[in-house]
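These notes concern the structure reproduced below.
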Amino acid sequence: MKFISQISRFQITSYIILAISILFSISGQLLMKHTMSNSSHEGLFTWEFLQQLTLSVAVYCLGIVTWILALRNVKLSIAYPVTSLNYVGILFGSYYFFNEVITVSRILGVFTIFVGVLLVVIPQKNSH
């Protein structure tokens with residue numbers, strides 16, 4: 001019984017790492033958009049721009065590193081569809097940080113993606 005609880009804790013940790021990967025990916029993308037939105041064509045290679053760009057790429061890279069760690073124990077056929085939750089985070093992050101419009105069609109699209117992810121992740125009973 002102790003072995004089973006260790007396995008489930010280990011799997012839960014892997015899914016937490018996967019969730020952290022998704023959060024880093026969303027944050028990195030939003031930081032890249034922020035960096036590019038606040039720079040002028042003349043100021044692309046200023047010290048401030050390079051610092052912001054480096055930060056955004058570093059955050060995004062943390063997403064890649066945590067993704068690789070999550071893949072150690074999460075099936076790729078589950079992990080990859082779960083990363084499509086990035087669409088949800090980007091949609092709401094774009095609305096909140098950049099005042100982008102959320103249309104009904106975007107909400108329906110993201111909802112469809114979310115339902116699809118649930119269908120992939122929820123365990124199925126074996127029909128054998």
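3J(HN,Hα) along the range 72-85, derived from phi through the Karplus expression 6.51 cos²θ - 1.76 cosθ + 1.60 where θ = phi - 60°, amounts to 4, 10, 9, 4, 4, 5, 9, 4, 5, x, 5, 5, 5, 5 Hz, with x in place of Gly and Pro. Multiplying the residue separation of Thr103 and Trp47 by 0.36 nm and removing their Cα-Cα distance gives an extension gain of 16.5 nm. The relative contact order of the range 24-128, computed from alpha carbon pairs under 8 Å that lie at least 6 residues apart in sequence, is 30 percent. With bins 10 Å wide beginning at 0, the percent of Cα pairs of the chain falling in each bin runs 12, 31, 31, 17, 7, 2, 0. In the chain, a dipole from Cβ-located charges (positive for Lys and Arg, negative for Asp and Glu) runs towards its positive end, and of Tyr95, Leu53, Phe114 it is Phe114 whose Cα lies farthest in that direction.
Taking trypsin sites (Lys or Arg not before Pro) across the range 69-128, the ones in a DSSP loop with at most 16 further Cβ atoms lying within 10 angstrom of their Cβ are Arg72, Lys75, Lys125. Annotation for the range 37-128: GluC sites (Glu not before Pro) lying in DSSP loop with at most 10 further Cβ atoms inside 10 Å of their Cβ are Glu42.
Output the 0 to 90 degree angle, nearest 10, between the alpha-carbon long axis of helix 104-121 and the longest principal axis computed from the alpha carbons of the chain. Taking Cα atoms only, the helix is inclined about 30 degrees. Simple spin-label estimate for Val57 and Tyr80 gives 2.7 nm between the two label positions (7 Å along the Cα-to-Cβ direction from each Cα). I need the chymotrypsin sites (Phe, Trp or Tyr not before Pro) found in the range 16-124, filtered to DSSP loop residues with at most 15 other beta carbons within 10 Å of theirs. Counting only loop positions with at most 15 other Cβ atoms within 10 Å, the chymotrypsin sites (Phe, Trp or Tyr not before Pro) in the range 16-124 are Phe45.
No value in this document is a laboratory result; all are computed from the given coordinates. For clarity, every value in this text was computed on a predicted model and none was experimentally measured. Neighbour counts run over all protein chains shown; Cβ positions are idealised from the backbone, glycine included.
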